[in-house]
Amino acid sequence: MPLQHRVLVTGASGFVGVWLAQTLKDFSDEPAVEVLTAGRGPGCDVDLDVVDRLAVARTIRTLQPTAVVHLAAVAAPLEARRDPLVAWEVNLGGTINLASAVLAEARECRFIYAGSSEVYGHSFIDASGRPVNEQHVLKPMTVYGATKAAADLAIGQMYFDGLRSVRFRPFNHTGPGQAELYVVPAFASQVAKIEAGLCSPTIEVGNLRVYRDFLDVRDVVRAYALAALGKGGPNADGGVYNLSSGKAVQIREILDILVRLSDLEIEVIVSPERVRSIDIEMARGDSSAAARAFGWKPKIKLEDTIRAVLDDWRVRIGDINR
């Protein structure tokens, strides 16, 4: 069968990229899909630094993808805060480099931008606990959120220049393979170490009182894959879409589930280093636009996701001990 889709995934060696590449390959009704991975890590088809404008243009010109899913970013808010200049160069500059190359070298290519719910920032506070939709104002309160908001707006503008863009704003997502920089694996890794007898039965935490809207990474990448393969409705191009469950879960509940799954007596200690200087009490989203455009809804239950993350860390800790 002739090739119908050539999907280029940037940031492919990262947590989300690995899951997306596998999801694209698993689409059983798409036998003519070629997945090309680009990034700075091992195992990628293309070694690509999105900050290098000429290299990006050369890559798009050579590969001629039918879709680009742009994941490459300084993705951890803590890392962005530590080095704002790099965060702006990668998250905004790198995104503009890639989108500009698509416009110049492959105008029929779809550009799928993986943004973030952090772009809403103070709008979560303004919403007073109600779900935030795509019409809410972007009011980022962190360096990371600001860089993603700027890139989001740039891609939205470039649609009017002819870029076949789809912008996603995923809420918190986790799953097996995620680094300890994020809350669920941070907790799960500590539980796994306690189970293995590597440390005392105490867990250091940040603010457990806040509420967040959590998704499984496998649900998130399914939306990216649908967009990349042109599975949206006739008006999907040019749109912006929240990816969220619509449910707010207190961080305390995440920890409680992990402790229950471990069946251990664990002492919880609040660590000042883990408490953000800026913390929004409740953040949840309305993803009805994604449901209309792509038929997308989250399928995986939160407890199943948390269990999968804990099992992943049990394997990792076990491998270290061997």
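The values are calculated or read from the model by the stated rules, or taken from the named source; none is laboratory data. Please read these numbers as outputs of a predicted model, since none were measured by experiment. Glycine gets a Cβ as well: all are built from the backbone with ideal geometry, and neighbour counts include every protein chain shown. To get the accessible areas, we keep the full protein, side chains included, count just its heavy atoms, and leave off ligands, DNA and RNA. Shrake-Rupley method; radii C 1.70, N 1.55, O 1.52, S 1.80 Å.
So the values come out like this:
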read-out: Of residues in segment 262-289 being at pLDDT 95 or above and touching a Gly at 6+ places or on another chain (Cβ under 9 Å), the one farthest from residue 129 (Cα to Cα); value: 289
read-out: Scope segment 187-211; condition part of a helix (DSSP H, G or I) and in contact (Cβ under 8 Å) with a residue 40 or more places away in the chain; matching residues; value: 187, 188, 189, 191, 192, 193, 194, 195
read-out: Residue in segment 128-140 that is farthest from residue 71 (Cα to Cα), counting only those that are hydrophobic (A, V, I, L, M, F, W, C) and crowded, with 18+ Cβ neighbours inside 10 Å; value: 132
read-out: Qualifying residue in segment 43-56 (condition: open to solvent by 30 Å² or more (accessible area, probe 1.4 Å), at positive phi and under 22 Å from the mean Cα position of the chain (by Cα)); value: yes
read-out: Looking only at segment 179-206, and only at residues there that are closer than 19 Å to residue 117 by Cα and more than 13 Å from the chain's Cα centre (by Cα), the one that is surrounded by the fewest Cβ atoms within 10 Å (Cβ to Cβ); value: 181
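Conditions (1) of a type in the set (Lys, Arg); (2) farther than 25 Å from residue 212 by Cβ; (3) surrounded by fewer than 22 Cβ atoms within 10 Å (Cβ to Cβ); (4) touching an Asp or Glu at 6+ places or on another chain (Cβ under 9 Å), marked per residue:
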site: 91; (1), (2), (3), (4): no, no, no, no
site: 96; (1), (2), (3), (4): no, yes, yes, no
site: 107; (1), (2), (3), (4): yes, yes, yes, no
site: 115; (1), (2), (3), (4): no, no, no, yes
site: 123; (1), (2), (3), (4): no, no, yes, no
site: 165; (1), (2), (3), (4): no, yes, no, yes
site: 175; (1), (2), (3), (4): no, no, no, yes
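Residues checked against (1) in a helix (DSSP H, G or I); (2) free of Cβ contacts under 8 Å to residues at least 40 places away in the same chain; (3) among the hydroxyl-bearing types (Ser, Thr, Tyr):
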| residue | (1), (2), (3) |
| --- | --- |
| 150 | yes, no, no |
| 157 | yes, yes, no |
| 165 | no, no, yes |
| 176 | no, no, no |
